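J.: Quick one: the structure is below, and I'll ask about it shortly.
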Amino acid sequence: MSLGIPEKITALLFDLDGVLTSTAVLHRKAWKQTFEGMGQPFSEQDYLAYVDGKPRYDGVRSFLASRGLTPSEDEIRRIGDQKNDLVNLIIDEEGITPYPASVRYLQAAREAGVPIGVVTSSANALRVLRAGNLLDYVDALVDGNVIVTSNLRGKPEPDSFIEGARRLKTSPENAAVYEDALAGVAAGHKGGFGFVVGVDRGNQAAALKTNGADVVVNELDELLS
Ligand SMILES: O=P(O)(O)OC[C@H]1O[C@@H](O)[C@H](O)[C@@H](O)[C@@H]1O
């Protein structure tokens, strides 16, 4: 079966929330409750433009800056941690659902023998991968904890994807990136990755292309043939 990627690609790097699991929706819900609890209206557009795909505190900083606010680092952490408690409660209540089409794609990649990395800004990735029964597919994981301990810059900078490629012993030009966030496709493009797949979960196909996606799909299994 063909994975729908150029021949030069020897490793695959998947974002997690919104690409493999529907947890982006849960993150958005928790962010909305957190910001609106502070009196700041927060739309889906705000999530997609300022928060989606970025490490936790970068998301807080970026959204509040869009409102002309520059809180202290302590305050940014307090807000981000409050949101983290909330998203974990929401995950407990609603559970983790992998996208069936994404699981089909991971399975096809496994059968093709192409190594798989997960590159996510989330520090909750292990919990999500485990609950979604996806851990067996993962050959390398770069998550929000690795980003902090290895001092990497978060998406839209390419550092976390470059680290993912390094862990799979390949170079960016031989690796493909699969992303639903504008910050994520931008990171793939900026890092010189060989193929950047945008996954459109929010009516933003055009924006995914402008930010660096080579192709845009609604579901990963559209690439299979
Ligand atoms: O707060 P966490 O779980 O470390 O996640 C950070 C970010 O991780 C990204 O994967 C999500 O797209 C964002 O919504 C989220 O804010």
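J.: With respect to S121, is the statement that it is under 29 Å from P6 (Cα atoms) and not in a helix (DSSP H, G or I) true?
T.: yes
J.: Would you pick out the residues in segment 58-105 that are buried (at least 18 other Cβ atoms within 10 Å of the Cβ), out of contact with any strand residue (DSSP E or B) (no Cβ under 8 Å at 6 or more places or on another chain), among the hydrophobic types (A, V, I, L, M, F, W, C) and farther than 21 Å from F42 by Cα?
T.: Within segment 58-105, V103 is the sole residue that qualifies.
J.: Another question, then. Where residues in segment 5-32 are within 13 Å of the ligand (Cβ to nearest atom) and of a type in the set (S, T, N, Q), which of them is surrounded by the fewest Cβ atoms within 10 Å (Cβ to Cβ)?
T.: By that ranking, first place goes to S22.
J.: Continuing with this model, one more query. If you scan segment 10-57, which residues turn out to be farther than 20 Å from E93 by Cα and in contact with a strand residue (DSSP E or B) (Cβ under 9 Å, 6 or more places away or on another chain)?
T.: Scanning segment 10-57 gives T10, A11, L12, L13, F14, D15, V19, D52, G53.
J.: Only one of (1) within 13 Å of the ligand (Cβ to nearest atom); (2) outside the structural domain of D159 (by TED's automatic domain parsing); (3) among the small types (G, A, S) is not met by S66, so which one is it?
T.: (1)
J.: Given segment 127-200, what helices (runs of 4 or more DSSP H) lie entirely inside it while holding 2 or more residues that are among the small types (G, A, S) and surrounded by 22 or more Cβ atoms within 10 Å (Cβ to Cβ)?
T.: In segment 127-200, the matching helices (runs of 4 or more DSSP H) lie at 159-167, 182-190.
J.: Scan (1) closer than 19 Å to V216 by Cβ; (2) of a type outside the set (S, T, N, Q); (3) within 16 Å of the chain's Cα centre (by Cα) for the single condition Y57 breaks and write down its number.
T.: Against the list (1) closer than 19 Å to V216 by Cβ; (2) of a type outside the set (S, T, N, Q); (3) within 16 Å of the chain's Cα centre (by Cα), Y57 comes up short only on (1).
J.: Any idea how many residues of segment 203-225 are among the polar types (S, T, N, Q) and buried (at least 16 other Cβ atoms within 10 Å of the Cβ)?
T.: Result for segment 203-225: 2.
Yes/no per residue for (1) in a loop (DSSP other than H, G, I, E, B); (2) over 28 Å from G192 (Cβ atoms):
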{"site": "K8", "(1), (2)": "yes, no"}
{"site": "A30", "(1), (2)": "no, yes"}
{"site": "D85", "(1), (2)": "no, yes"}
{"site": "S102", "(1), (2)": "no, no"}
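J.: State which residue pairs qualify: first residue over 14 Å from G164 (Cα atoms) and inside segment 109-126, second residue at pLDDT below 95 and more than 10 Å from the ligand (Cβ to nearest atom) in any location, beta carbons under 8 Å apart, and separation of 6 or more residues or different chains.
T.: So the pair list comes out as E111/M1; A112/M1.
J.: Follow-up question, since we're still on this one. So, of the residues in segment 33-57 that are among the charged types (D, E, K, R) and within 8 Å of the ligand (Cβ to nearest atom), which turns out to be surrounded by the most Cβ atoms within 10 Å (Cβ to Cβ)?
T.: It comes out as D52.
J.: Oh, and also: Among the numbered conditions (1) in contact with a helix residue (DSSP H, G or I) (Cβ under 7 Å, 6 or more places away or on another chain); (2) assigned to a helix (DSSP H, G or I); (3) surrounded by 18 or more Cβ atoms within 10 Å (Cβ to Cβ), tell me where R110 comes up short.
T.: R110 satisfies all of (1) in contact with a helix residue (DSSP H, G or I) (Cβ under 7 Å, 6 or more places away or on another chain); (2) assigned to a helix (DSSP H, G or I); (3) surrounded by 18 or more Cβ atoms within 10 Å (Cβ to Cβ) except (3).
The values are calculated or read from the model by the stated rules, or taken from the named source; none is laboratory data. Just so we're clear, the structure is a prediction, and the values are computed from it rather than from any experiment. Using ideal geometry, Cβ is built from the backbone for each residue, glycine included, and neighbour counts are taken over all protein chains shown.
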